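Below is one structure, written out as structure tokens, with a few remarks after it.
The values are calculated or read from the model by the stated rules, or taken from the named source; none is laboratory data. Here the structure is a predicted model, which is why all the values come from computation and not from measurement. Glycine also receives a Cβ, built like all others from the backbone with ideal geometry; neighbour counts cover every protein chain displayed. Areas reflect the complete protein model, heavy atoms only, side chains present, ligands, DNA and RNA absent. Shrake-Rupley method; radii C 1.70, N 1.55, O 1.52, S 1.80 Å.
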Amino acid sequence: MTTQAGKAGYLQRLFESADVEFRAGQVAFGRTTTYVEWHGTMTDPGDPSGIDVPFGIVERIGPKGEWELYFDTLPVIADQDTIRGLFKVLAS
């Protein structure tokens, strides 16, 4: 997502389609860039199991005020066995 409208639209769709809770993680300050780690859980209202799914977002604020979001949403789209399998492939 490269535009403010695209980022805002994505977040709006995320919040409209799921119950999301965030908490701040680590913050890293560089000379020109700041990174903020966010941990969250998401419950899909369409899923009757009501299981909370963890995910992460890294927020980057650049030297000219650029705002970037990096999403670690693998747990939202894959079960734990699939994730373990993918990490085994990456480690080999």
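Taken over segment 8-27, the criterion of being in contact with a His (Cβ under 7 Å, 6 or more places away or on another chain) and open to solvent by 100 Å² or more (accessible area, probe 1.4 Å) is satisfied by 23 alone.
For every residue, the table says whether it meets (1) touching a Phe, Trp or Tyr at 6+ places or on another chain (Cβ under 8 Å); (2) basic (Lys, Arg); (3) assigned to a strand (DSSP E or B).
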{"residue": "38", "(1), (2), (3)": "yes, no, yes"}
{"residue": "51", "(1), (2), (3)": "no, no, no"}
{"residue": "57", "(1), (2), (3)": "yes, no, yes"}
{"residue": "60", "(1), (2), (3)": "yes, yes, yes"}
{"residue": "63", "(1), (2), (3)": "no, no, no"}
{"residue": "82", "(1), (2), (3)": "no, no, no"}
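Just one of the listed residues (53, 76, 20) is of a type in the set (Val, Ile, Thr), modelled with pLDDT under 80 and in contact with a helix residue (DSSP H, G or I) (Cβ under 6 Å, 6 or more places away or on another chain), namely 53.
So which residues in segment 28-75 are of a type in the set (A, V, I, L, M) and open to solvent by 60 Å² or more (accessible area, probe 1.4 Å), if there are any at all?
Taking segment 28-75 first, the residues of a type in the set (A, V, I, L, M) are 28, 36, 42, 51, 53, 57-58, 61, 69, 74.
Passing the criteria: 51, 61.
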